[in-house]
Amino acid sequence: MGSLKQRIYLDKVRRLNRVCEYLYAYDKRINETPGIYVFTRINPPTKDGTQRKYAYIGQAKSLVDRVAQHLLSFAQRIDISLKTRGLWYPSNPYGWKIDVYYCNEDELDQKEREFIKAAQEQGYELYNITSGGQDEGKEDINQRQAGKCYRDGVAYGYGKAIKDIKEFFDKYLDYNIKNLPEVFRKPKNKAERESNLPLYKEIYIKKQNEFKELLENGKKGTEDNNTMDQESN
């Protein structure tokens, strides 16, 4: 029977072989050759017709083995997304497509960097966290994107907070104005109070509309940024 460690290893080998057989049938270009593999996919179009597109680029001494490992693993973000989105089929148009490009082993680092740079220039949002390569030339590409990601995150968080406030406000609260001039808050008598009512009503309506506009704009901003949530996988 063998030890538990041996049985686990053999089970992993069997599962890897099954996925490799699946990949041979899925795309005959995917084989044991060294090269670069490229995962790409697009989001469904938004209301204005735009589509966000995503990519992940990797290198492998055996393309079929490395792609199969991605399909079996949960170690990287791309692995999880492959489980969630699936591979591209006519019935799954927003799944991940696979392209492979053959090269010699000694070209892998250079070619991987070239493909990652080309994908960035073509407007793909990358799942890669480095600029590619396995040598000392590897660098973290997220550092270049950190400023934009931070600003997008702050804007998204603000919009979401406003949306939550609006929903809570509409359900539970009534509108009231604070910090009015003393004459409005403590009229000396009934006649003074009644004489202030038209102006008080004008201020009330103005501030109420300003607050509602703020909430609506924040809600709209959140809805426009919902694709950020969609792309967590």
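Okay, here's what the table says:
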| item | result |
| --- | --- |
| Hey, ALA25 modelled with pLDDT of 95 or more and loosely packed, with under 12 Cβ neighbours inside 10 Å or not | yes |
| Residue match in the range 152-174 (condition: within 30 Å of GLY58 (Cβ to Cβ), surrounded by 14 or more Cβ atoms within 10 Å (Cβ to Cβ), modelled with pLDDT under 65 and not assigned by TED's automatic domain parsing to the domain that holds TYR24) | yes |
| Residues (of a type in the set (D, E, K, R) and farther than 21 Å from SER62 by Cα) located in the range 86-127 | LYS117, GLU121, GLU125 |
| Qualifying residue in the range 109-116 (condition: at pLDDT 95 or above, among the aromatic types (Phe, Trp, Tyr) and buried (at least 16 other Cβ atoms within 10 Å of the Cβ)) | yes |
| Enumeration of residues in the range 58-88 that are within 11 Å of TYR127 (Cβ to Cβ) and either touching a Pro at 6+ places or on another chain (Cβ under 7 Å) or hydrophobic (A, V, I, L, M, F, W, C) (or both) | ILE78, ILE80, LEU82 |
| Residue list for the range 88-110, filter: over 26 Å from the mean Cα position of the chain (by Cα) and within 18 Å of ARG29 (Cα to Cα) | TYR101, TYR102, CYS103, ASN104, GLU105, LEU108 |
| Positions within the range 63-83 being among the polar types (S, T, N, Q), within 19 Å of the chain's Cα centre (by Cα) and surrounded by fewer than 20 Cβ atoms within 10 Å (Cβ to Cβ), in sequence order | GLN76 |
| Pairs where the first residue, in the range 108-130, is not assigned by TED's automatic domain parsing to the domain that holds LYS53 and the second is at pLDDT 95 or above and in a loop (DSSP other than H, G, I, E, B), C-beta under 8 Å, 6+ apart | none |
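The values are calculated or read from the model by the stated rules, or taken from the named source; none is laboratory data. A quick note: this is a predicted structure, and the numbers were derived from the prediction, not measured. Positions of Cβ are generated from backbone atoms using ideal geometry, with glycine treated the same way; all protein chains shown enter the neighbour counts.
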